[in-house]
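Nothing in this text is a laboratory measurement; each read-out follows from the coordinates by a stated rule. Owing to the predicted nature of the structure, the values given are computational and were not obtained by experimental measurement. Glycine also receives a Cβ, built like all others from the backbone with ideal geometry; neighbour counts cover every protein chain displayed.
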Amino acid sequence: MLDLLSPPFLLLLPLLFFIVKSISSPSSKNQSLPPGPKPWPIIGNILHFGKKPHISTANFAKTHGPLISLKLGKQLLIVGSSKRAATEILKSHDRLLSARYVFKAALFENHVLDRISIVWATQCSDGWKSLRALCRNELFSAKAIESQAVLREKKMGEMVEFIGRRKGEVVGIGEVVLAIVFNTIANLLFSVDLIGLEDDGAATGLKSLMWRMMKLGATPNISDFYPILGGIDPQGLKRKMAVCVNQMFGIWGKYIKERREKHVHDGPRSDFLDVFLANGFEDLQINWLALELLSAGTDTTATTVEWAIAELLKNKEVLKKVSEEIKRETDTNSLKESHVSQLPYLNACVNETLRLHPPVPFLIPRRALETCKVMDYTIPRDSEVIVNVWAVGRDPSLWEDPLSFKPERFLGSDLDFKGHDFEFLPFGAGRRICPGLPMAAKQVHLIIATLLYYFDWSLPNGEDPATLDMSEKFGITLQKEQPLLLVPRRRI
């Protein structure tokens, strides 16, 4: 949900007065729903959301309590914005609330998603569990992550070389990191780079296609609010998404075709494509899983790195301390991944970044399999349920001085982001926790350490980092509204 006040969206609202009756669902009457702002007739709370719903729902929680309900047209939305709410949703009622709420712009019917998707499978079926287990064992296990270290270090070398050639020039941190991470995952999947670091942003390039897909996914869809419209796609979002996704499939589809024709998947497995083929996956399954792995793993990592570097530049003492730690623990003229695990202050800086700027402000929506009770309130079957991890990470009852960037709060702390501590959930928890968490953690730490070890950074035109604009741009991920543009100076 990006901008519910956009002109195209508002122009569609009068149509609803002719096709939708503002009648409360009989099943919801006399139920003790979580409190929330009073909905308007027909449109409900749609206009309450604004451009930054993670902030508006956090503000509603201050007024109505940590578990609120909103009516988005005819769809009931439950939002948890506290540690207790997150614990009950993601742990106490994890099974009952483990179904996935699938948006109407989804390209496939639910039964197809259940067969091909890790992220959007509607239920945690045996097939979904097997698919997650395969990805976990082959991509995200400790053994797999360790075996990928050489590739990650190679990509760090390419990043350093690319940035090093731009002495005195302005570099977009997020753009560079996104390309590096995308190519890292592409090599794990297909053993090829798919994005050039010199990408000119052509409309048909993978980078542009991915941004377009993310923008479409974050666009408010009137069909989600009024299911009666689902079959006609009034905004054309499903059609546009299909065009974008099929173009992406076409870019890496040739590698799938070539590998099938060579029949090499009976030999040693060199990448995840070999694993797919050895397990008898059809092209649609391979394409969709590749799309999920690439899209979920790139933008979130690039966004986190961008926020981290921005916070470090604004906080000079923290930057000095983490830079000294990296230099002290690195006894050669090159940084290796093995050094990164010996950097507790860097780890604290990453954790603090994830607390203040979780890459996904709302965990991906869940759906209630059955009616249940959360915090003594009724959550009706098929309700959309989300956790506002942005709000939890800034809760003053959990965090001292929550709006300040203070990595020291994590030093000597047992808190981590692995889904056990419900005040700190950047990757979720429970059955639906992000399966790529181990890989994401490795990449974020290594990229930040590399950027700080090899380069000094300054703002263009000698601007003061203290004035750096830290405004947020809401979408599927929580990006900096103003991309971080910096001038590098090679140190080593």
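Points to keep in mind about this one:
- Selection from Gln123, His54, Ser383 lying farthest towards where the dipole of the chain points positive, charges on Cβ: Ser383
- Three-way shape call for region 64-154 based on the alpha-carbon gyration tensor, with the a/c threshold at 1.5: prolate
- Environment charge of Pro365, counting only residues whose C-beta is closer than 9 Å and scoring Lys/Arg +1, Asp/Glu -1: +2
- Where both bridge residues fall in the chain, DSSP classifies roughly 85% of the beta bridges as antiparallel.
- Charge dipole (Cα centre; +1 on Lys/Arg Cβ, -1 on Asp/Glu Cβ; no other charges) of region 409-488 amounts to roughly 500 debye.
- The angle separating the long axis of helix 237-262 from the principal Cα axis of greatest extent in the chain is about 50 degrees.
- Taking the C-alpha atoms only, the angle from helix 173-190 to the longest principal axis of the chain is near 90 degrees.
- Computed over all pairs of different Cα atoms, the Kirkwood value for the hydrodynamic radius of region 204-262 is 13.1 Å.
- Nearby lysines by direct alpha-carbon distance to Lys327 (threshold 16 angstrom, same-chain neighbours under 8 apart not counted): Lys336
- If the segment from Asp193 to Asp469 were pulled out straight at 0.36 nm per residue, it would be longer than the present Cα-Cα gap by 96.1 nm.
- Taking 23 Å as the straight-line reach from the Cα of Lys373, the lysines in range (excluding those fewer than 8 positions away in the same chain) are Lys29, Lys38, Lys62, Lys71, Lys74, Lys83, Lys91.
- Of Trp128, Trp288, Trp40, the sequence from fewest to most neighbouring Cβ atoms within 10 angstrom is Trp40, Trp128, Trp288.
- Set against the 2.2 N^0.38 Å expectation for a compact globular protein, the chain has a Cα radius of gyration ratio of 0.98.
- Which of Met214, Gln235, Gly250, positive extreme of dipole for region 208-271 (C-beta unit charges): Gly250
- Residue ranges 53-65, 140-152 sort as 53-65, 140-152 when ordered by packing (mean number of other C-beta atoms within 10 Å per residue, highest first).
- For region 440-472 and region 142-178, distance of Cα centres in Å: 14 Å
- Relative contact order [Cα under 8 Å, 6+ residues apart], region 52-112, whole percent: 19 percent
- Counting lysine pairs in region 116-261 that sit 8 or more residues apart in sequence, or on different chains, and whose Cα atoms lie under 25 Å apart gives 19.
- Within the shell of other residues whose beta carbon sits under 12 angstrom from the beta carbon of Arg136, the net charge comes to +2, with Lys and Arg scored +1 and Asp and Glu -1.
- Relative contact order (%) - criterion: Cα under 8 Å, at least six apart; region: region 446-492: 50 percent
- Charge tally for Asn45 (other residues, Cβ to Cβ under 11 Å; Lys, Arg +1; Asp, Glu -1): +2.
- Placing a pseudo-label 7 Å from each Cα along the Cα-to-Cβ vector at Val170 and Gln123 gives an inter-label distance of 5.3 nm.
- Using alpha carbons only, the radius of gyration of region 375-423 set against its Kirkwood radius gives Rg/Rh = 1.08.
- Compactness ratio for region 187-317: Cα radius of gyration over 2.2 N^0.38 Å (N = residue count) comes to 1.32.
- Relative contact order for region 373-485, counting Cα pairs under 8 Å that sit 6 or more residues apart, in percent: 11 percent
- Whole-angstrom gap from region 309-365 to region 58-120, using each part's C-alpha centre: 31 Å
- Cα shape, region 439-478, gyration tensor, a/c 1.5 rule: oblate
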